[in-house]
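First comes the structure, then the notes that go with it.
The values are calculated or read from the model by the stated rules, or taken from the named source; none is laboratory data. Remember, it's a predicted structure, so these values are computed and weren't measured experimentally. Because the Cβ atoms are built from the backbone with ideal geometry, glycine has one as well, and the counts that use them run over all protein chains shown. Ligands, DNA and RNA are excluded from the accessible area calculation, which covers all protein heavy atoms including side chains. Shrake-Rupley method; radii C 1.70, N 1.55, O 1.52, S 1.80 Å.
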Amino acid sequence: MPIVRVAINIPVDTLFDYQTVDATPDDIGLRVSVPFGKKKVVGIIIAISDTTQIDTGKLKPVCSIYRETKPLPASLLELFRFCSEYYHHPLGMVILNSLPAAMRCNKAIQIKKPASNLSFELTPAGKQIDRSVIPARNRVARRLFSAFLESAALTETQIKQISPRANQWLPEWLHRGWIAAKQAPADTSATVTGSIPILTAEQAAAVNAITAGLQQFNIWLLHGITGSGKTEVYLRSIEPVLAQGKQTLVLIPEINLTPQLEKIFRSRFAATPIVSLHSGLNDSERLSGWTQAQSGAAKIILGTRLAVFTPLPDLGLIIVDEEQDSSFKQQDGLRYSARDMAIFRARQHAVTVILGSATPSLESYYNALNGRYHTLRLQSRAVRNAGLPSIHLIDTRIHKMQDGLTEPLINAIGRCLIEKNQSLVFINRRGYAPVLLCKSCGWSAACQRCSSRLVVHLRDKQLSCHHCGHQESFPRACPHCGNQDLAPFGQGTQRVEDALTSNFPAARILRIDRDSTRRKNAWHDMLQAIHGHQIDILIGTQLLSKGHDFPNLALVGIVSADNSLYSTDFRASERLFTQLMQVAGRAGRAQIAGTVLIQTEFPNHPLYQALQHHDYDGLAQILLSERKAAGFPPYVFQALLRGEAHDLNPVLNFLHQAIKLAKPPEAVELFDPVPAQMHRLKGLERAQLLIQSTSRKQLQAFLTEWCVQIHALTNHKVRWTLDVDPLEF
Ligand code: ADP
Ligand code: ZN
Ligand code: ZN
């Protein structure tokens, strides 16, 4: 009797064996229902075997094998196995967490039939019909008929684009023999609606280089300044992939960017089935997109990080847009990097992967410098005559601030208003002020559950913790000294909004942050208002900085950026630079010349100097040499063992115990346990220990062995995780 080896969603890294009568090797990768303890759970068949370590008398039988979906392909299982080994996370959890929710339930799933790919064309008889037999009042019918006359065949999607109601005429015309239906050809080569721009010389060179090597594993770093037209390079690189009937996976950092990108892709590739996969979908939408990808029907799969685990039988190209974005790294559970998994997949399938960015991560930049990645540069803006914005620094030691704004910035916004251009004030902190301060004794409101201050939300008279969500009302007096003179200190988006409103009472001002975009559709409505030029001044956090194209934006003001200059996090400068380059890049993207004003106390800081000169390479060189001197990534590989518990001591004890177990080779270095930067979060004390090595291989070998030993430690009440290639400390 065959034995199936099953991965299930529990935090133990073993497979479980079950008996079955009817499994064959073709069933590897199928979902299966098995008894586990007193319950029945869903798992994935990983292997079929004739032998088992378990006493066969004790083997339980499988409850059922779910055959309504195709099995996960072997290459995907290989990716999961790699991911499980590299991040030291149980295979069952890796697999199950990557599947759509419906597939994680222990029951059969119903798959909706995807839209048919029928297309319609005029019959010889239909071609003889004079359009005037259709009554003039049936305008949609006439338009549809004209469209048939102009093209060989129309797909259902194209017919819907003529009018959502156009398809109501199909049954009648089929019946009359005017048109005939046929299965659309599997070749979904690009059908273009809207105009295609002529590539700039740089874009053309990039497209040529990429498309010449599509059939093999290549990593391209597409390093193009903001507005250089990276999207167009993606589109042209996808064309030959579609022509071969293959699939393209496009990973993007931010769910908010999907509608915009989806629109661009759909209008360029009107006849191509495109699905998007992100956390904003409901379970059945996600399942439907996933199965269309798995069947090979969907040719373009656009998604956020989790989409990297989608089965793609005909994978032909992978694109990772904004590759430096930290959202590609999951920060809980399986702490994987979707960018790195994308590279693994590209190698697996021998296809090309494009990593696009205006400010590549130092890791990728370094890989390009030493030849592991090929580089393609786009150094000028794609739209003719659109230059890079001019960047000026406002020294806040000279120009005093009122509610966070200096006079030169206010004046510049005023001029923008007169010229009827849009301006944007960027401040990466929501709320009214980051601190509530007692003017008499210096007390400040802090979260009881986190080592953080409470943020003042003046509108709802609440103090709120942005780490754990805790809220409380304003204290009437200082709990420390009784003084009633409590004042908000520092700036947040709401305070800047208030200040701008009082400076420019007639201006149409819009604040975009996580608070103002919470309502469903809020984001969509706001973008429309901005594009419709119904907004004069925007105030926004980093939500606004990524990827959006605002053609009327002439001025960007940057407020309170200095905070991150002297952070203890060695990646803070890199992140700040990226963020400011991105937000500065919003200005002057179309016909308007852009200006960026940065308020700072440190105008001579190398970061601002590099920014002012649009000098990514200059700053990257400085940061790389700092990293090299300090022994930080990309010159070393890191892992972080984190622990958390109600008290700090058990956590530190646990980490010390872990160190005692460790027998690292010489190339692997273990540091002393230390409290985390945010040592208290959501009521738990946190500490961590850093492991680092110049050899990724040795680090991995050490971690594999060490993890088993740490798992065997049981006399502690510490929750621990291992984070490989950590981004946050
Ligand atoms: P990036 O992602 O590199 O910041 P985008 O892809 O958003 O830049 O392109 C910026 C703008 O340039 C868009 O409005 C796009 O339509 C336009 N564009 C791209 N390529 C061309 C081109 N070859 N000619 C004219 N306009 C272009
Ligand atoms: Zn006080
Ligand atoms: Zn808190």
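About the Cα centre of the chain, what is the dipole size in debye to 20, counting +1 per Lys and Arg Cβ and -1 per Asp and Glu Cβ, all else neutral? All intermediate terms of the calculation are to be shown ahead of the outcome.
On the way: 78 positive and 62 negative charges, 371 e Å.
Its charge dipole is roughly 1780 debye.
From largest accessible area down, sort Arg176, Arg335, Arg586, Arg575; use a 1.4 Å probe on the protein chains. Display every interim value, and only then the final one.
Details: Arg176 130, Arg335 30, Arg586 5, Arg575 95 Å².
Sorted descending by solvent-accessible area, the residues read Arg176, Arg575, Arg335, Arg586.
Around Arg397, what is the net charge, scoring Lys/Arg as +1 and Asp/Glu as -1 over all other residues with Cβ under 12 Å from its Cβ?
Details: positive: Lys400; negative: Asp395, Asp562, Glu601.
Taking every Cβ under 12 Å from that of Arg397, the sum is -2.
For n ≥ 4 DSSP H runs only, could you compute -39500 (n - 2.57) per run for the chain, divide by its residues and tell me the 222 nm figure to the nearest 500? The partial results should precede the final answer.
On the way: 21 runs with 226 residues, N = 729.
Theoretical 222 nm ellipticity from helices: -9500 deg cm²/dmol.
Whenever you get a sec, line up His656, His605, His548, His646 from highest to lowest accessible area (probe 1.4 Å, protein heavy atoms).
Working: His656 90, His605 35, His548 5, His646 135 Å².
These residues rank, largest area first, as His646, His656, His605, His548.
Over region 292-431, consider all pairs of different Cα atoms and compute the Kirkwood hydrodynamic radius from their mean reciprocal separation; express it in Å, one decimal. Intermediate results must be reported in sequence, preceding the final value.
Numbers: mean 1/r = 0.0517 Å⁻¹.
It works out to 19.3 Å.
Using a probe radius of 1.4 Å on heavy atoms only, what accessible surface per residue do you get for the chain? Whole Å² is fine. Kindly include the intermediate steps, with their values, before the conclusion.
Details: 33190 Å² over 729 residues.
Per-residue value: 46 Å².
Mind listing the long-range amide H neighbours of Leu355? Cut-off is under 5 Å, sequence gap 5 or more, other chains count too, H placed in the peptide plane at 1.01 Å from N.
Distant-sequence amide H within range of Leu355: Trp220, Leu221, Leu222, Val320.
Along the three principal axes, how long is region 1-152 when you take its alpha carbons, biggest first, rounded to the nearest angstrom?
Computed over region 1-152, the largest-to-smallest principal extents equal 81, 35, 27 Å.
Per-residue accessible area for Asp13 at 1.4 Å probe radius, Å² rounded to 10?
100
Over all alpha-carbon pairs in region 1-60, figure out the percentage whose distance exceeds 16 Å.
Cα-Cα pairs of region 1-60 separated by over 16 Å account for 38 percent.
Determine Rg/Rh for region 239-359; Rg is computed over alpha-carbon atoms and Rh is the Kirkwood hydrodynamic estimate from the same atoms. Walk me through the numbers on the way to the answer.
Values: Rg = 13.3 Å, Rh = 14.3 Å.
Value, to two decimals: 0.93.
Around Lys420, under 13 Å between beta carbons, what's the net of Lys plus Arg minus Asp minus Glu among the other residues?
Working: positive: Arg415, Arg508; negative: Glu419, Asp536.
Value of the local net charge: 0.
When the distances between all Cα atoms of region 219-295 are binned every 5 Å from zero, what whole-number percent does each bin get?
3, 12, 22, 27, 21, 11, 5, 1
Could you tell me what percent of the accessible area of the chain is made up of carbon and sulfur, with a 1.4 Å probe and every protein chain present? Walk me through the numbers before you get to the answer.
Working: 17120 of 33190 Å².
Carbon plus sulfur share of accessible area: 52 percent.
Along its principal axes, what span do the Cα atoms of the chain show, with the longest given first and each in whole Å?
Principal extents (Cα only, largest first): 89, 81, 53 Å.
Using a 1.4 Å probe and counting only protein heavy atoms, arrange Arg508, Arg268 so the residue with the most accessible area comes first. Don't jump to the answer; show the numbers that get you there.
Values: Arg508 110, Arg268 20 Å².
Reading off the accessible areas and sorting them downward yields Arg508, Arg268.
Within the P(r) computed for region 531-620, what percentage of the Cα pairs occupies the region above 17 Å?
Details: 1985 of 4005 pairs.
Percentage above 17 Å: 50.
Read phi for every residue in region 53-58 and hand back ³J(HN,Hα) as whole Hz from Karplus 6.51 cos²θ - 1.76 cosθ + 1.60, θ = phi - 60°, with x for Gly and Pro.
Each residue of region 53-58 in turn: 6, 7, 4, 4, x, 8 Hz.
Pop out the Kirkwood hydrodynamic radius of region 385-482 from its pairwise C-alpha distances, inverse of mean 1/r, in Å to one decimal.
Numbers: mean 1/r = 0.0602 Å⁻¹.
The answer is 16.6 Å.
Tyr18: accessible area at probe 1.4 Å, nearest 10 Å²?
So the heavy atoms of Tyr18 present about 10 Å² to solvent.
When the convex hull of the C-alpha atoms of region 615-729 is computed, what volume per residue in Å³ does it have?
Roughly 105 Å³ of hull volume per residue.
Just to verify a number: what accessible area does His467 come out at with the full protein assembly present, 1.4 Å probe, Å² rounded to tens?
90
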